[in-house]
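Notes to accompany the following structure.
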Amino acid sequence: VDVYLSLDRRAARPLRQQIVDGLRLAILEGRLRAGARLPSTRALAAQLGVARFTVEDAFDQLAADGYVEGRRGAGTFVAAVAGPVASDRRSPVPSYPDSVAGADARPAERTWSAWAKRLIALDPPVDLTPSLPIDFRQGMPAVDVFPHERWARLRNRARRGLDSDSFHYGPVAGEPGLREAIAAYLARSRALRSGAARTVVTSGTQQGLDLLARLLVRPGDAVAFEEPGYPAARRVFQAAGAEIVPVPVDKDGLVVDALDTLTGVGISPRIVYVTPSHQYPTGALMPLGRRLALLQWASRNGALVIEDDYDGEFRYGARPVEALAALDSALPGPGVVVYVGTFSKVLFPALRLGYLVLPNDLVAPVVAARAVTDRHSPRLDQRTVAELIESGDFERHLNRMRKLYAARRRALLDGLARELTGIARRDPATTAAGLHLLVTVDLPIAEEEVVRRAAAVGVHLDPAGPCYLSPPPRPTVMIGYASVPEQAITEGIRRLAGALVRTED
Ligand SMILES: Cc1ncc(COP(=O)(O)O)c(C=O)c1O
């Protein structure tokens, strides 16, 4: 048969590959039918103006993939594949039985994404890589002053220490050395003395929450969630089918009385998600009285409290507070708190390492869930972090960062007072801690407009809107200051004031 192929000699794709692709498509579309004889390699090479071995190579590839068969002495023939198939693929996804798709997936919606939405409600993707000159993105630690060389040396040392067995799958719950190091660190810094056996290494908070949600949330279960709260955590519970029950936050964090009100009207959350050391995003610190009330409420109602302690290490001018989980362990009776920790703020987010400290009888289910999810976190990184903690460098790094962030925070507060008094006010709940400040803008404009005006002068701000289920009456933004040098903070606030104030005049 005649074969028409057009080759693009300027394309990056090699000619051999273009021939393979062209013939494959012709076979799949049925233009070349099963049993048809392809031209000889010599003839096709001459027709296309390419070297004969290029065509031979392409035929070899097609034969290896099962599209054609060479018959000795007789030439190359199109194999009896199931084609033509391309014309049957008008709908982008094969239709699937209604038991899977659900009656609400109309034929026109039979796309992979329509199917996927049945499992997880997708918010618009968050752009995690703003590229504006002054980057107040929340949640970023100061990677500019991270001890990269020290880290590299420790990593090398950890690699040299690996025997051949260490390249195999490792323990699902985490490298024993890292679990020990985390447990000892938590005992020193957060009064949490639960030991390595209850400490399970994860790929960060997000995975820790996901494992818990998979195990503990049944569709329709109520999960009490701070309002405003951490949207990435809220999505995990929503994805597991939970009904999110917003619970207000005041200057002392989650309002525990509101939980009682809920139970009073027959809503019994099985899980309460809280950030008691530094409420996200308001920055409130939950005082002891309310902590005790929360633990009592959970014990009385058979609920589990998930404590997300994402940046509790960073308190300025004061020691880190005791973890809620530590208070829970100190009380008589079975524990009701899962502690969720992360290395994203204290080291860097791309590391993807965190940990859970679990009540005893949750360890085995979580480890089993982790084993079927992704087995375990990379062993070399785990060992590097273990060495960092054991060497004392981890806590030295934290001390350095505490000083640096306190100075950066001061520069931000000074800048706000100097440039934006009467226009931008920080949340009254904010304590001197963490890596960001929640700021409300007293102007009659939309939050997106604040973000847009800032961007126009080269300043990236994160809108706080996604933290709220019921948006606040005034535009609210998060200003992440930890990764921005003081001078740039001052300059950023000056530019922000220009963009907000001048435009209003
Ligand atoms: C409330 C809260 N928890 C946890 C994290 C960290 O998540 P991960 O450990 O998955 O990086 C963040 C990061 O911004 C956060 O804001």
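Might you check whether a residue that is more than 21 Å from G335 (Cα to Cα) and within 13 Å of the ligand (Cβ to nearest atom) occurs anywhere in the range 184-201? The answer is no; no qualifying residue exists.
Residue by residue through the range 2-50, note down the ones that are loosely packed, with under 13 Cβ neighbours inside 10 Å and either at positive phi or over 43 Å from the mean Cα position of the chain (by Cα) (or both). Before you say what the answer is, go through the steps one by one.
We begin by selecting, within the range 2-50, every residue loosely packed, with under 13 Cβ neighbours inside 10 Å; these are 2, 4, 6, 8-14, 35, 42, 49.
Within the range 2-50, D2, Y4, S6, G35, R42, G49 qualify.
Does G177 satisfy the criteria of being over 27 Å from L380 (Cβ atoms) and touching a residue at least 60 places away in the same chain (Cβ under 8 Å)? Spell out the reasoning first.
Working: over 27 Å from L380 (Cβ atoms): no; touching a residue at least 60 places away in the same chain (Cβ under 8 Å): yes.
No: the conditions fail for G177.
Number of residues in the range 304-318 that are surrounded by fewer than 21 Cβ atoms within 10 Å (Cβ to Cβ) and at pLDDT 95 or above equals 1. Taken over the range 201-240, residues that are among the hydrophobic types (A, V, I, L, M, F, W, C) and within 25 Å of P463 (Cβ to Cβ) amount to 9. When the range 392-407 is examined, which residues are found to be buried (at least 17 other Cβ atoms within 10 Å of the Cβ) and touching a Leu at 6+ places or on another chain (Cβ under 9 Å)? Across the range 392-407, the qualifying residues are F394, H397, Y405.
Among residues of the range 331-347 that are under 16 Å from L178 (Cα atoms) and assigned to a loop (DSSP other than H, G, I, E, B), those with a beta-carbon under 7 Å from a residue that is at pLDDT below 95 and within 13 Å of the ligand (Cβ to nearest atom) at least six positions away or on a different chain give the pairs V346/E313.
Looking at L162, L215 in this structure, which one is of a type in the set (A, V, I, L, M), surrounded by fewer than 16 Cβ atoms within 10 Å (Cβ to Cβ) and over 25 Å from P276 (Cβ atoms)? Step through it out loud before you land on a result.
Values: L215 fails: over 25 Å from P276 (Cβ atoms).
From the options L162, L215, the qualifying one is L162.
Report whether or not D414 is modelled with pLDDT under 95 and either open to solvent by 20 Å² or more (accessible area, probe 1.4 Å) or of a type outside the set (A, V, I, L, M) (or both). The answer is no for D414. For the range 321-351, filtered to residues that are among the charged types (D, E, K, R) and away from the ligand (no atom under 14 Å from the Cβ), the residue that is farthest from the chain's Cα centre (by Cα) is D328. When P471 is tested against (1) outside any helix (DSSP H, G or I); (2) in contact (Cβ under 8 Å) with a residue 40 or more places away in the chain; (3) closer than 23 Å to A233 by Cα, only condition (2) is not met. Output yes when any residue across the range 433-440 is at pLDDT below 95 and buried (at least 21 other Cβ atoms within 10 Å of the Cβ), and no when none is. Yes: the range 433-440 contains one or more residues that are at pLDDT below 95 and buried (at least 21 other Cβ atoms within 10 Å of the Cβ). The set of residues in the range 352-376 being among the polar types (S, T, N, Q) and within 16 Å of the ligand (Cβ to nearest atom) consists of T373 alone. Could you run through the range 274-295 and say how many residues are open to solvent by less than 30 Å² (accessible area, probe 1.4 Å) and part of a helix (DSSP H, G or I)? Result for the range 274-295: 3. Within the range 221-273, the residues that satisfy the criterion of being without any contact (Cβ under 8 Å) to a residue 24 or more places away in the chain, part of a loop (DSSP other than H, G, I, E, B) and either among the hydrophobic types (A, V, I, L, M, F, W, C) or within 16 Å of the ligand (Cβ to nearest atom) (or both) are V255, V265. Examine the range 245-252 for a residue that is out of contact with any Phe, Trp or Tyr (no Cβ under 7 Å at 6 or more places or on another chain), crowded, with 17+ Cβ neighbours inside 10 Å and over 21 Å from L362 (Cα atoms), and state whether such a residue exists. So far as the range 245-252 goes, yes, one or more of its residues are out of contact with any Phe, Trp or Tyr (no Cβ under 7 Å at 6 or more places or on another chain), crowded, with 17+ Cβ neighbours inside 10 Å and over 21 Å from L362 (Cα atoms).
Residues are listed down the side, and each one gets a yes or a no for (1) under 17 Å from T205 (Cα atoms); (2) aliphatic (A, V, I, L, M):
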site: G283; (1), (2): no, no
site: A303; (1), (2): no, yes
site: G333; (1), (2): no, no
site: G341; (1), (2): yes, no
site: L356; (1), (2): yes, yes
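Tell me whether the range 201-213 contains one or more residues that are part of a helix (DSSP H, G or I) and over 20 Å from the mean Cα position of the chain (by Cα). No, because not a single residue in the range 201-213 is part of a helix (DSSP H, G or I) and over 20 Å from the mean Cα position of the chain (by Cα).
In the range 348-373, which residues are of a type in the set (A, V, I, L, M, F, W, C) and either out of contact with any helix residue (DSSP H, G or I) (no Cβ under 7 Å at 6 or more places or on another chain) or assigned to a helix (DSSP H, G or I) (or both)?
Keep residues of the range 348-373 that are of a type in the set (A, V, I, L, M, F, W, C), which gives 348, 350-351, 353, 356-358, 362-364, 366-369, 371-372.
Matches in the range 348-373: A350, L351, L362, V363, A364, V366, V367, A368, A369, A371, V372.
The values are calculated or read from the model by the stated rules, or taken from the named source; none is laboratory data. Note that the coordinates shown come from a computational prediction; the quantities given were computed from them, not determined experimentally. Methodologically, a virtual Cβ is constructed for each residue, glycine included, from the backbone with ideal geometry; neighbour enumeration extends over all protein chains shown. Heads up: the accessible areas ignore ligands, DNA and RNA and are worked out on the full protein's heavy atoms, side chains in. Shrake-Rupley method; radii C 1.70, N 1.55, O 1.52, S 1.80 Å.
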